[in-house]
Every structure is written in structure tokens, then in C-alpha cells.
Amino acid sequence: MATLLKPDPTFYPSARTAAEAPPETLAYIVTFDPEAKTPDALEVLDVDPKSGDFGKRVGRLEMPHMGDELHHFGWNACSSALCPWAPHPHVERRYLVVPGLRSSRIHIIDTKGDPRAPKLSKVIEPEELARKANYSRPHTSHCGPDGIYMSALGAPDGGGPGGLFVLDHETFEVKGPWEKDRGVQELAYDFWWHLGQDILISSEWGTPKMVEAGLNGEILLSGGYGHRLHIWDLPKRALKQTIDLGSQHQMPLELRPSHDPNQTWGFVGVVTSLEDLSASIWTWHRKDSGEWAAEKVISIPAEPADPSQLPPVLQPFKAVPPLVTDINLSLDDRWLYVSCWGTGELKRYDVADPFKPRETGSMRLGGIVGRSPHPASGPLNGGPQMVEVSRDGQRVYLSNSLYATWDDQFYPDGLKSWATKLDASPDGGLKADPNFFVEFEQRAHQVHLQGGDASSDSYCFS
């Protein structure tokens with residue numbers, strides 16, 4: 001008798017059906033030791049308000065080596081497995097793909113069985129990545145319909161180019177570099193796609209040599225960090241178009257495309273402007289001609305400050321830059337969340353019209369000068385950094401560490417790490433949950449939710 005293959009129940013044909021699924025009960029968050037004296041870890045948080053362990057750490061898996069600096073991570077498979085042109089109904093949302101941004105080591109972690117006690121399944125050593133793909137410093141991971149796509153900041157020697165490589169869905173073997181024709185693209189950071197349009201979009205930060213020692217003032221002031229978006233032909237793996245935002249707009253990092261595959265727009269956050277230290281949000285879109293364009297739709301100004309309250313890197317400017325380091329878009333494509341890591345603020349925008357965002361809510365936590373408290377804490381350092389949104393759009397999870405050397409530059413008194421949850425009201429407001437505030441011995445970075453969240457999946461149906 002033939003075995004009937006049923007897709008993983010956490011795969012959804014559309015963002016709407018994902019939003020209607022049961023809410024998350026666990027969250028996974030990576031933590032790292034900036035001094036590389038203890039192993040980095042994957043922590044498990046109880047996020048079920050009906051549980052007696054709500055808001056507590058209920059599991060922890062330490063990595064086998066020191067100094068990985070766990071950063072971004074993702075699932076091995078997700079709703080894109082339902083795409084009719086590359087179906088993989090036999091795969092499961094089971095493994096977390098967790099790279100070390102410093103070590104270039106990639107950890108494959110199995111959450112099946114007891115999701116509170118994940119187990120290390122495989123480690124891909126940096127030598128294998130270098131040999132098979134000629135890349136290092138793996139950063140972002142996205143589960144595609146035909147494999148696991150990952151970005152890398154650079155080459156094994158710490159220079160360029162950065163780019164993309166692919167892992168096999170099941171064996172986790174490195175297939176090789178993704179690009180067939182990279183054209184002028186040299187710098188890399190995030191990437192996403194419009195699957196229904198056969199388009200991939202990538203952003204830019206800098207090579208490992210440019211970022212690992214901290215923010216380099218000479219590179220920044222000369223406009224040497226990334227300032228372009230790259231539009232790729234997804235099936236042909238070839239660069240189609242490059243959009244230059246202008247060298248004054250330094251570091252377009254996180255990309256968030258529309259979840260509706262019939263739409264052809266998305267948002268990118270730019271860390272800072274050389275003109276006035278402001279941060280900005282840009283909307284990319286496809287024009288009637290078929291070409292792609294991007295326009296600035298949000299500008300967030302720097303805030304004047306007493307130089308004595310500022311770290312040395314900012315004292316000459318007498319201001320705190322917002323430093324937009326992460327953004328997230330709700331599954332209904334209605335709400336955009338923007339992390340201002342420098343000023344210590346999470347902003348919420350109504351983006352029903354993606355070209356005319358309207359700010360509806362704000363929450364202050366931490367900040368270089370403000371040190372705004374949480375209801376369950378005293379003054380905080382760090383600020384809203386990584387932001388994750390639940391599938392139903394009602395909960396927003398935050399953590400406060402950016403990158404070890406950059407943490408130390410902007411928060412030189414030492415960054416004590418925390419994570420929290422905000423409740424997002426239907427009218428656009430934000431409210432801190434007084435019962436959810438978790439402090440860590442190590443520094444906490446990205447959060448992902450069991451069963452998927454607003455930045456884990458891509459969908460093939462509207």
C-alpha cells in the first residue's frame with residue numbers, strides 16, 4: 001500500500017491562512033558570548049500565556065565550540081515548499097539552521113521530539129563552506145522552495161565578494177554558490193524574493209574586513225559601506241538591475257517584501273545618512289515598464305544630545321542617530337515595525353499604502369542616552385534591535401544586541417542583554433507586556449517562533 005505524503009501542518013498556502021493558525025507557544029533565540037569564553041547557545045522561551053512558565057527560559061542548547069557569534073538563523077523548510085513549481089511536500093519545518101557570523105560554522109539543530117530540548121544534528125565547518133562555495137561569514141538563512149538559501153558577507157580571506165549559497169533541504173550539504181552572473185554586485189547582507197515574479201532582491205553591508213572590527217569612521221564618511229539594492233533573475237541566477245540609493249545613504253540592511261505574492265513592493269531600512277545622521281525606510285517596487293525603482297518613504301531624524309552622554313564615536317556629532325537596524329512587516333502587509341537601536345525606540349507604521357506610511361505607535365526601551373525602562377526593569381541599555389512579529393500580528397518580540405564590536409562602540413559601558421514582548425493593538429498602538437521580560441547572561445540576537453512568524457516564510461498563493 002502506498003504511503004500518503006502529507007505536508008507539514010505548519011506550511012500554509014497563503015499569509016492569510018498562516019495568520020489564522022493557532023498562536024505560537026515557544027520562541028527560539030540565539031545568544032552569544034562576546035568574549036568567546038563560553039559556548040554560544042540556542043535558548044527556548046515559553047511564550048504561552050496559559051503556561052506557568054510564561055516568559056521564562058525553558059530550554060538551552062550550547063554549541064560545541066567557542067566564539068561562533070550566533071546571529072541570524074532560520075528554518076530548513078517552510079510554506080514555500082507548497083509552491084507548485086518546486087513542491088517538496090515531504091520536508092518538515094524541523095531543523096533550525098544557525099550560522100556563526102564570526103566562525104563561519106553552520107549548526108543544524110533538530111527541534112523534533114521535544115521542542116524544548118533541541119539537539120545538535122550536524123555542523124558544517126567553515127572549511128567545507130569555503131571549499132564548496134568560496135564564501136565565509138554566513139548571515140541570513142531563508143527556506144526556499146528548492147533548497148535553503150543563505151547569504152555570506154564575503155570570501156574566506158575576509159574580502160569580497162559576498163553573495164549567496166545553497167544548502168540541500170534534507171542532507172544540508174553545501175551545493176555551491178548561487179550566482180551564475182553577479183555582474184557589478186560585490187557587497188552583500190540580506191536577501192528576499194518575490195517568488196511569483198521570479199525575482200530575488202539583495203542588500204549591502206560590507207565585507208568581513210570592513211565590519212568585524214567595528215564601525216570604521218573612514219569607510220563610513222567616505223560612503224564606502226553598502227548603498228545599493230540588487231535585483232536578480234531568480235531562475236537564471238543572474239543580476240538584472242542595480243538600484244543605487246546614493247552613497248550618503250549608508251547600509252541598506254533588512255529587506256521585507258510584501259507577503260502577497262501578487263504584489264511587487266517591499267521595504268528596506270537604511271541605517272544612517274551622512275547628511276544628518278537620520279535613518280530612513282525605502283519602498284522598492286516594479287514600474288509599469290518592468291524596471292524596478294526605490295523611493296524614500298520615511299525619514300527618522302537624529303536627536304540632539306549632550307556630548308558627555310554620548311560614546312566617543314558620536315561625541316563630535318552632538319546627536320544620537322536612530323540607527324535603524326531591523327524592520328518587520330506583518331503577514332497582512334498592513335503594519336511595518338522599525339527598530340531604532342540608537343535612540344531606543346520601536347516605531348509602528350500603517351502601510352496600507354506602502355508609499356505613504358503613517359506612524360501609529362511607538363515604544364521607548366533603552367537607547368544610547370534615554371535608557372528607557374521596561375515595566376519590569378530599571379534603566380536599560382541597548383535598544384530595540386531584532387524585531388519579530390507573530391503570525392496573527394498581535395505580538396511583537398524584541399531583543400537588544402546588534403553585533404559584538406558594534407555593541408561595544410555604541411554602548412561602551414557594556415551591553416546587558418534582554419528580550420521582551422509587546423502587544424500590538426488593532427488601532428496601531430503598542431504596549432509592553434509587564435510579565436514578559438527576560439534577561440540573559442550572554443547577548444541575545446534574533447528570535448524565531450515555533451511554527452513560523454512574519455519573517456520566516458514566503459507564500460505562493462495570494
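The values are calculated or read from the model by the stated rules, or taken from the named source; none is laboratory data. Treat the numbers as computed from the prediction; the structure is a model and nothing was measured. Reconstructed Cβ throughout: ideal geometry from the backbone, glycine too, with neighbour counts over all protein chains shown.
So, PHE172, is that one out of contact with any Gly (no Cβ under 9 Å at 6 or more places or on another chain) and hydrophobic (A, V, I, L, M, F, W, C) or not? When the stated conditions are applied, PHE172 passes them. Residue check: is GLU291 in contact (Cβ under 8 Å) with a residue 12 or more places away in the chain and in contact with a strand residue (DSSP E or B) (Cβ under 6 Å, 6 or more places away or on another chain)? No. Can GLU62 be described as among the acidic types (Asp, Glu), surrounded by fewer than 17 Cβ atoms within 10 Å (Cβ to Cβ) and modelled with pLDDT of 95 or more? Taking the combined requirement at face value, the residue satisfies it. All conditions in (1) over 18 Å from ASP453 (Cβ atoms); (2) touching a helix residue (DSSP H, G or I) at 6+ places or on another chain (Cβ under 9 Å); (3) buried (at least 23 other Cβ atoms within 10 Å of the Cβ) hold for ASP40, with the sole exception of (2). Of everything in region 341-360, what is of a type in the set (A, V, I, L, M, F, W, C) and either surrounded by fewer than 16 Cβ atoms within 10 Å (Cβ to Cβ) or out of contact with any Gly (no Cβ under 7 Å at 6 or more places or on another chain) (or both)? Give them in sequence order. Result: LEU346, VAL351, ALA352, PHE355. For region 160-217, the set of residues classified as in a loop (DSSP other than H, G, I, E, B), β-branched (Val, Ile, Thr) and over 25 Å from LEU277 (Cβ atoms) consists of THR171, VAL184, listed by residue number.
Show me the strands (runs of 3 or more DSSP E) entirely contained within region 328-430 in which 3 or more residues are more than 22 Å from SER278 (Cα to Cα) and in contact (Cβ under 8 Å) with a residue 24 or more places away in the chain.
Working: elements: 335-340, 345-350, 358-364, 387-389, 395-399, 418-424.
Here the list reads 395-399, 418-424.
What number of residues within region 106-129 are acidic (Asp, Glu), out of contact with any Ser or Thr (no Cβ under 8 Å at 6 or more places or on another chain) and surrounded by 13 or more Cβ atoms within 10 Å (Cβ to Cβ)? Even if it seems obvious, please write down each step before you answer.
Residues of region 106-129 acidic (Asp, Glu): 110, 114, 125, 127-128.
Keeping just the survivors that are out of contact with any Ser or Thr (no Cβ under 8 Å at 6 or more places or on another chain) gives 114, 125, 127-128.
Add one more test, that the residue is surrounded by 13 or more Cβ atoms within 10 Å (Cβ to Cβ), and what stays is 125, 128.
Residues meeting the conditions: 2.
The set of residues from region 86-111 being at pLDDT 95 or above and outside any strand (DSSP E or B) comprises ARG93, ARG94, LEU101, ARG102, SER103, SER104, ARG105, THR111.
Do we find that VAL313 is buried (at least 22 other Cβ atoms within 10 Å of the Cβ) and at negative phi in this structure?
Numbers: buried (at least 22 other Cβ atoms within 10 Å of the Cβ): no; at negative phi: yes.
No.
Here the condition is being of a type outside the set (Lys, Arg), touching a Pro at 6+ places or on another chain (Cβ under 9 Å) and touching a residue at least 24 places away in the same chain (Cβ under 8 Å); of GLY162, GLY144, it holds for GLY162 alone.
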